[in-house]
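The block underneath contains the structure these notes are about, expressed in structure tokens.
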Amino acid sequence: MSSTDQTSADQAGDAGQVVADYWAAAEARDWAAFGALLAGDVVYEVPQTRERVSGREAYVRFNAEGFPGGWHLAVTRIVSQDRAAVSMIEFSEGGSSQTGLCVFDLDEGGRIVRITDFWPDPYEPPAGRAHLAGRY
């Protein structure tokens, strides 16, 4: 890696560490720290529900309001390269759990600009969060 490439990588931060910080902030419900990791124009998509959320404020709200309750998550694995990372998590609530895969893209400043969240089975989103996301 040339010194110019290394400087760019240092400025952008490590994608794997950004994703680890993202999940730690989500688990802690620290929405300020969570939002600080996102680009202003972040786009979040869930192919199974066809939901799309655009923008930092809307995405933080989607998480803070759209997932009430006593859920927890544990990171199983994070794989990253350059400005991209994939994580595998165990999401649990009320005695049941499921595995999720999440693909992240970071911008040149090291902020998360795109998130695609994959869950094992298609499902309809809860009616209580319809006002928080559009459908595609």
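The values are calculated or read from the model by the stated rules, or taken from the named source; none is laboratory data. Please read all numbers here as calculations on a predicted model, not as lab measurements. FYI the Cβ positions are ideal-geometry reconstructions off the backbone, even for glycines, and counts take in every protein chain you see. Only protein heavy atoms, including side chains, enter the accessible area calculation; ligands, DNA and RNA are left aside. Shrake-Rupley method; radii C 1.70, N 1.55, O 1.52, S 1.80 Å.
Examine the stretch 43-52 for a residue that is under 12 Å from ILE112 (Cα atoms), among the charged types (D, E, K, R) and in contact with a strand residue (DSSP E or B) (Cβ under 8 Å, 6 or more places away or on another chain), and state whether such a residue exists.
No, every residue in the stretch 43-52 fails to be under 12 Å from ILE112 (Cα atoms), among the charged types (D, E, K, R) and in contact with a strand residue (DSSP E or B) (Cβ under 8 Å, 6 or more places away or on another chain).
Which residues, taken from the stretch 42-97, are in a strand (DSSP E or B), hydrophobic (A, V, I, L, M, F, W, C) and more than 21 Å from GLY109 (Cβ to Cβ)?
Here is the first cut: in the stretch 42-97, the ones in a strand (DSSP E or B) are 42-46, 51-54, 72-81, 84-93, 96-97.
From what's left, hydrophobic (A, V, I, L, M, F, W, C): 42-43, 46, 53, 73-75, 78-79, 84-86, 88-89, 91.
Scanning the stretch 42-97 gives VAL46, LEU73, ALA74, VAL75, VAL79, MET88, ILE89, PHE91.
Filter the stretch 86-105 down to residues that are of a type in the set (A, V, I, L, M) and open to solvent by less than 10 Å² (accessible area, probe 1.4 Å), then give me how many there are.
Residues that pass the stated criteria total 1.
Hey, PHE67 hits all of (1) closer than 17 Å to ALA15 by Cβ; (2) open to solvent by less than 80 Å² (accessible area, probe 1.4 Å) but one; which does it fall short on?
All conditions pass for PHE67, except number (1).
Going through THR49, THR7 one at a time, which residue ends up being modelled with pLDDT under 95 and open to solvent by 60 Å² or more (accessible area, probe 1.4 Å)? Break it down into steps so the answer makes sense when it comes.
Values: THR49 fails: open to solvent by 60 Å² or more (accessible area, probe 1.4 Å).
Of the residues listed, the single one that is modelled with pLDDT under 95 and open to solvent by 60 Å² or more (accessible area, probe 1.4 Å) is THR7.
Just checking, does the stretch 19-30 include any residue being of a type outside the set (Gly, Ala, Ser), more than 17 Å from CYS102 (Cα to Cα) and part of a strand (DSSP E or B)? Steps first, please.
Filtering the stretch 19-30 down to residues of a type outside the set (Gly, Ala, Ser) leaves 19, 21-23, 27, 29-30.
Then drop every residue that is not more than 17 Å from CYS102 (Cα to Cα), which leaves 29-30.
Now drop any that are not part of a strand (DSSP E or B), which leaves none.
The answer is no; no qualifying residue exists.
Please pick out the residue among ARG111, ARG83, ARG61 that is open to solvent by 60 Å² or more (accessible area, probe 1.4 Å), touching a Leu at 6+ places or on another chain (Cβ under 8 Å), modelled with pLDDT of 95 or more and over 18 Å from ASP14 (Cα atoms).
Just a single option satisfies the conditions, and that option is ARG61.
Report, by residue number, each residue of the stretch 23-38 that is open to solvent by 20 Å² or more (accessible area, probe 1.4 Å) and in contact with a Phe, Trp or Tyr (Cβ under 6 Å, 6 or more places away or on another chain).
The one that is open to solvent by 20 Å² or more (accessible area, probe 1.4 Å) and in contact with a Phe, Trp or Tyr (Cβ under 6 Å, 6 or more places away or on another chain): LEU37.
I'm trying to understand the selection: among the residues of the stretch 90-136, which are of a type in the set (Gly, Ala, Ser), over 21 Å from ALA74 (Cα atoms) and either in contact with a strand residue (DSSP E or B) (Cβ under 8 Å, 6 or more places away or on another chain) or free of Cβ contacts under 8 Å to residues at least 40 places away in the same chain (or both)?
GLY109, ALA127, ALA130, ALA133, GLY134
Which numbered condition trips up SER54, out of (1) among the small types (Gly, Ala, Ser); (2) open to solvent by 60 Å² or more (accessible area, probe 1.4 Å); (3) farther than 19 Å from PHE34 by Cβ?
Condition not satisfied by SER54: (3).
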